[in-house]
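Single-structure report; data block below.
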Amino acid sequence: YLATYTLTDSGSFRDVAVNIKRPTYRKPFLGGFKNRITGMEFHNAGSQTIPKKRPDKGIEIFCRETQTVFEKNKPQQTANTTSTQMTKVGLYVSNRTDKLISPRKYFTAEEYHKRRLKAVIVLQKYFRRWHATNVVQKLREQMRLRLEWEAQEDLRKKREKEERQRREHEGKLNPKTKEDFELLYQALELWRQEETERINRTLTGAKRKAALCELLEQEAQVIASIGRHKLNGDEENRHKAILHFLNKCAQPKRWRAYDGKITEMDTPYILRSRELLEIYCSISRNGIPKDERIDVLLTLRRTVAEQECKLAQEIIELIDREFDLMSREVKECNLQGLRKRICTLFLQYIKTPEFNPEVTRILKVPPDPLMLYKNINFCHSCENYLPSSQFPIPANSRTIGRCRLCCKLDNEARQRQVFFKYKLILKNLRKSEADYEDDAKIVFFVQYQDLQYIIDNIWGCQSALSACSDLYDLVMVRWDKQQEWSPWNTILLTKDEADAHLKLCSLQKAYEETFIHRIKHKHIQAKTYFAQIPVMASFLHRSDNQVKAN
């Protein structure tokens, strides 16, 4: 307590007791100054409110303040007293443990360095032997792996060639695709040429004419047999195309979710297409029992009867006619024509968007009928009006010419060449150019006829490096991979050679000057041929300007 005196209004003093409470905590510094002489601190502001105590949780809690240890290193040298003792008068020191050291032969610094050099040479010799052993073992392992890889590659190529020959042989025995028939006609032409050469070489006069007439008859018989196979193949391919079209209509809608799973959804139109697909597969199946055939026809009748139109009435009439003929025990071989008519009309029913709305997504029919009159050209050979997509137009063509079907018939009747190999090379070339993503255009102007001219007449139908003449193994790639492909920036190589060529950084360092000169000469031949085409000439001038700029 502290006693103070207070002056009252009457002029007297009164004792007042003031309670002074010492704080048990340190007030936070909120700003102020300090007297350097007296050391007194003067605060700008302060508070007398006692801070709220944190509740005791029974756990010892430490603050985040740290204590930094200040270290100081100071070296010191302590005294170490030593002494020696020797024999003297009155003192005996034993020499039993002493060692007698005799001086050796003195050698100079030159001899010392010579001895060290000799030791270094020995170390280098053994290290180099160890290093050479490791290098030889590594090279031996690389050679073993290389020989194994070459053996595997040779075995793979041999198997691919055998498999290709087996497919070609099966295709000639049972042709189904266009490639199979091209190979058949090519084999027929080779056989005809061999037989003609043999007849001209061995026979003369009337015997020669008779042999040629017999050869002509044999050729006609073979062509007729190929034609029968073609009819069967076309029928089978048409049936496969129809099933592919119907399956495409009946497929559910798919999309990929955020988690990578595929979600499928069936709409009412898809369910309708799937129902029509099942009915078509049932009515087009042959060799089913009579009762099952009747159930299929009744299902078809109920499905078609839902709509009232002329097509539905025709299908119902044909179904009733088949019911009538089946009740009279007519043989199935006599009902094949009627059943084909039912399948054809029902397929037309399926392709009608009014009865199957899902086909509008698949059918390639323009919404405006007037668009059908655009891009229509006249074929002077078959005298038909066909869309422009049905005309093969080479880069050097100035007129429309004949349609694809007429060109195919002319090739089968006269030249009988195989074009699918060139088409395969062109397909691979366009795929590789699309992977560059540099807006290549020339490769999509070139047709397989132009590529055939480049391969046969300019490159001699063989690889520029290995002279390989197997078209199945040849590809066309860029000569300079920094520029887009063109007939004057290309090279014909095998697949392995093309992979190695595209990995090169500098053509001048990788190839000899004579080889580069020979490739440039072929490029000049291609420029001379394609410079006559106006469209290709513009690309030619542009590429020349780029070369000059570089």
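With label points built 7 Å along Cα→Cβ from the Cα atoms of Glu513 and His239, find their separation and express it in nm.
Calculated label separation equals 6.8 nm.
Calculate, in nm to one decimal, what Thr133 and Lys261 gain on full extension: separation in residues at 0.36 nm each, minus their alpha carbon distance.
In short, 40.6 nm is gained.
What lysines sit close enough to Lys310 to cross-link, taking a C-alpha to C-alpha distance under 23 Å and skipping anything fewer than 8 places away on the same chain?
Qualifying lysines at Cα under 23 Å: Lys340, Lys351.
Given the -39500 (n - 2.57) contribution per DSSP H run of 4+ residues, what per-residue ellipticity at 222 nm results for the chain, rounded to the nearest 500 deg cm²/dmol?
Mean residue ellipticity at 222 nm (helix-derived): -17500 deg cm²/dmol.
Need the full-extension length gain, Ser389 to Leu504, defined as separation in residues times 0.36 nm minus the C-alpha distance. One decimal, nm. Don't skip to the end; give the middle numbers.
Values: separation 115, 0.36 × 115 = 41.40 nm, distance 3.93 nm.
Roughly 37.5 nm would be gained on extension.
Be a star and scan the range 407-443 for residues whose amide nitrogen sits under 12 Å from the point 7 Å along the Cα-to-Cβ vector of Glu219.
Only 413-416 pass the distance filter.
So if I place +1 on the C-beta of Lys and Arg and -1 on the C-beta of Asp and Glu, and nothing else carries charge, what would the dipole magnitude of the chain be about its Cα centre? I want it in debye, nearest 20.
4000 debye
What nm value, rounded to one decimal, do you get for the distance between Gln348 and Glu194 when each label is placed 7 Å out toward the C-beta?
So the label points at Gln348 and Glu194 sit 4.9 nm apart.
With the other protein chains left in place, how much accessible area per residue, in square angstrom, belongs to the range 264-363 at a 1.4 angstrom probe?
Accessible area per residue, the range 264-363: 58 Å².
For the pairs Lys158/Lys248; Lys427/Lys527; Lys253/Lys421; Lys253/Lys290; Lys172/Lys423; Lys408/Lys520, flag any whose C-alpha to C-alpha distance is greater than 29 Å.
Checking Cα-Cα distances, Lys158/Lys248; Lys253/Lys421; Lys253/Lys290; Lys408/Lys520 exceed 29 Å.
Per residue, how large is the accessible surface of the range 178-249? Use a 1.4 angstrom probe and give square angstrom.
67 Å²
May I ask you to derive the relative contact order of the chain, considering only C-alpha pairs under 8 Å and at least 6 residues apart, and to give it as an integer percent?
So the answer I get is 6 percent.
Could you tell me which of Phe127, Ile262, Asn237 has its Cα farthest along the dipole of the chain towards the positive end, charges placed at Cβ (Lys, Arg +1; Asp, Glu -1), taken about the Cα centre?
Phe127
Just check the range 264-363 against the gyration tensor rule for me: Cα atoms, a ≥ b ≥ c as the square roots of the eigenvalues, rounded for a/c under 1.5, and otherwise prolate or oblate depending on whether a/b exceeds b/c. Walk me through the numbers before you get to the answer.
On the way: a/c = 2.30, a/b = 1.82, b/c = 1.27.
The shape class here is prolate.
Using only the heavy atoms of the protein chains and a 1.4 Å probe, how would Phe346, Phe323, Phe107 rank by accessible area, largest first? Write down the numbers at each step before the final one.
On the way: Phe346 0, Phe323 50, Phe107 90 Å².
Sorted descending by solvent-accessible area, the residues read Phe107, Phe323, Phe346.
In terms of the Cα gyration tensor, with a ≥ b ≥ c the square roots of its eigenvalues, is the chain rounded because a/c is under 1.5, prolate because a/b exceeds b/c, or oblate?
oblate
Kindly flag which residue pairs out of Lys230/Lys495; Lys481/Lys509; Lys105/Lys125 have an alpha-carbon separation exceeding 27 Å in this structure.
On the way: Lys230/Lys495 34 Å; Lys481/Lys509 15 Å; Lys105/Lys125 29 Å.
The pairs that break the limit, which is 27 Å between Cα atoms, are Lys230/Lys495; Lys105/Lys125.
Residue by residue through the range 213-218, what is 3J(HN,Hα) from phi via Karplus (6.51 cos²θ - 1.76 cosθ + 1.60, θ = phi - 60°)? Round to whole Hz and write x for glycine and proline.
Those phi angles translate into 5, 5, 4, 5, 5, 5 Hz.
Give me a comma-separated list of calculated 3J(HN,Hα) values for the range 323-328, in order, Karplus coefficients 6.51, -1.76, 1.60 applied at θ = phi - 60°, integers in Hz, x for any Gly or Pro.
Residue by residue, the range 323-328 yields 4, 5, 5, 5, 5, 8 Hz.
If R₀ is 22 angstrom, what is the calculated FRET efficiency for the pair Asn375 and Lys423, using the beta carbon separation as r and rounding to 0.05?
It comes out at approximately 0.45.
Length gain on complete extension for the stretch Leu203 to Met40, per 0.36 nm per residue less the alpha carbon to alpha carbon distance?
Gain on extension, Leu203 to Met40, equals 44.6 nm.
So how much accessible area does Val69 have, in Å² to the nearest 10, using a 1.4 Å probe?
Roll a 1.4 Å probe over it and Val69 shows about 110 Å².
Mind listing the long-range amide H neighbours of Thr490? Cut-off is under 5 Å, sequence gap 5 or more, other chains count too, H placed in the peptide plane at 1.01 Å from N.
Here the answer is Trp479, since their amide H atoms fall under 5 Å of that of Thr490.
When the solvent-accessible surface of protein heavy atoms is calculated with a 1.4 angstrom probe, in what order do Leu405, Leu325 fall, highest first?
Output order, biggest surface exposure first: Leu405, Leu325.
Ignoring ligands and nucleic acids, what accessible area does Glu194 show with a 1.4 Å probe (Å², nearest 10)?
Taking all protein chains as shown, Glu194 has close to 120 Å².
Modelled label-to-label distance, Asn411 and Ser282, 7 Å Cα→beta-carbon offset: nm?
Here the answer is 4.4 nm between the modelled labels.
In the full protein assembly as shown, how much of Lys441 is accessible to a 1.4 Å probe, in Å² to the nearest 10?
Counting only protein heavy atoms, Lys441 exposes about 90 Å² to solvent.
Starting from the residue with the highest accessible area, list Leu203, Leu318 in decreasing order, probe 1.4 Å.
Order by accessible area, largest first: Leu203, Leu318.
Would the range 178-249 count as rounded, prolate or oblate if I go by the C-alpha gyration tensor, calling it rounded below 1.5 in a/c and otherwise prolate when a/b exceeds b/c, oblate otherwise?
Cα axes put the range 178-249 in the prolate bin.
The values are calculated or read from the model by the stated rules, or taken from the named source; none is laboratory data. Predicted model, so just to flag it, every value in this text is computed and none were measured. Please note: Cβ atoms are built from the backbone with ideal geometry, for glycine as well, and neighbour counts cover all protein chains shown. Heavy atoms of the whole protein, side chains included, go into the accessibility calculation; ligands, DNA and RNA do not. Shrake-Rupley method; radii C 1.70, N 1.55, O 1.52, S 1.80 Å.
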